[in-house]
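Report on the following structure.
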Amino acid sequence: MSDVLENLARVLEARKSADPEKSYVASLHAKGLNKILEKVGEECTETLLAAKDAEHSGDTRAVISETADLWFHSMVMLSSLGLTPKDILDELAGRFDLSGLEEKASRSD
Ligand SMILES: N=c1c2ncn([C@@H]3O[C@H](COP(=O)(O)OP(=O)(O)OP(=O)(O)O)[C@@H](O)[C@H]3O)c2ncn1[C@@H]1O[C@H](COP(=O)(O)O)[C@@H](O)[C@H]1O
């Protein structure tokens, strides 16, 4: 499953030095981190709206499509900060066998 994320991350890395006229990812980098964050926020809202619609209609196609847009733009954000999907997958893997409630209780803040 994570092969897709790894392959996409490789493409995203290469697009950092691509022509913004020819690559959507390069055009985002050319506009800067604020534009990338704006897109992440937009896709997040669209995902929430699609999920609310699906709750009533039972049609989850838009949720899948909007979540893909959200993951994609999140990966562009990670890439612009020098992070990879592996950083996030390692973080999630480290949380196996730890209940979310236990983790919350262990926080110092
Ligand atoms: N997975 C994606 C992907 N998902 C979504 N998008 C693009 O994300 C954009 C944002 O969607 P919106 O509906 O917000 O589009 P918009 O209104 O045109 O966006 P704005 O003008 O508001 O910024 C669309 O242009 C989609 O085509 C993607 N663009 C690229 N990829 C992957 O990234 C690779 C590199 O892409 P390029 O950099 O374009 O070569 C591709 O081969 C794909 O694997």
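The values are calculated or read from the model by the stated rules, or taken from the named source; none is laboratory data. Only a predicted model underlies this, so the values are computations on that prediction, with no experimental measurement involved. Every residue, glycine as well, gets a Cβ built from its backbone with ideal geometry; the counts of neighbours run over all protein chains shown. Please note that ligands, DNA and RNA were not included when accessible areas were found on the heavy atoms of the full protein model with its side chains. Shrake-Rupley method; radii C 1.70, N 1.55, O 1.52, S 1.80 Å.
Things to note:
- On inspection, Leu98 passes the criterion of being loosely packed, with under 12 Cβ neighbours inside 10 Å and aliphatic (A, V, I, L, M).
- Of the set (1) hydrophobic (A, V, I, L, M, F, W, C); (2) in contact with an Asp or Glu (Cβ under 7 Å, 6 or more places away or on another chain); (3) surrounded by fewer than 16 Cβ atoms within 10 Å (Cβ to Cβ), all apply to Ala62 but (3).
- The condition of being modelled with pLDDT of 95 or more, open to solvent by 30 Å² or more (accessible area, probe 1.4 Å) and farther than 23 Å from Leu12 by Cβ holds for only one of Leu70, Leu33, Leu48, that being Leu48.
- The lone exception for Met1 - which of (1) more than 11 Å from the ligand (Cβ to nearest atom); (2) at pLDDT 95 or above; (3) not acidic (Asp, Glu) it fails: (2)
- Candidate set from the range 6-28 (those that are open to solvent by less than 40 Å² (accessible area, probe 1.4 Å) and in a helix (DSSP H, G or I)); member that is farthest from Leu83 (Cα to Cα): Ser27
- Selection of the range 34-86 for residues being within 14 Å of the ligand (Cβ to nearest atom) and under 19 Å from Ser17 (Cα atoms) yields Asn34, Lys35, Ile36, Phe72, His73, Ser74, Met75, Val76, Met77, Leu78, Ser79, Ser80.
- Filtering the range 47-97 to residues that are under 24 Å from Gly32 (Cβ atoms) and among the small types (Gly, Ala, Ser) leaves Ala68, Ser74, Ser79, Ser80, Gly82.
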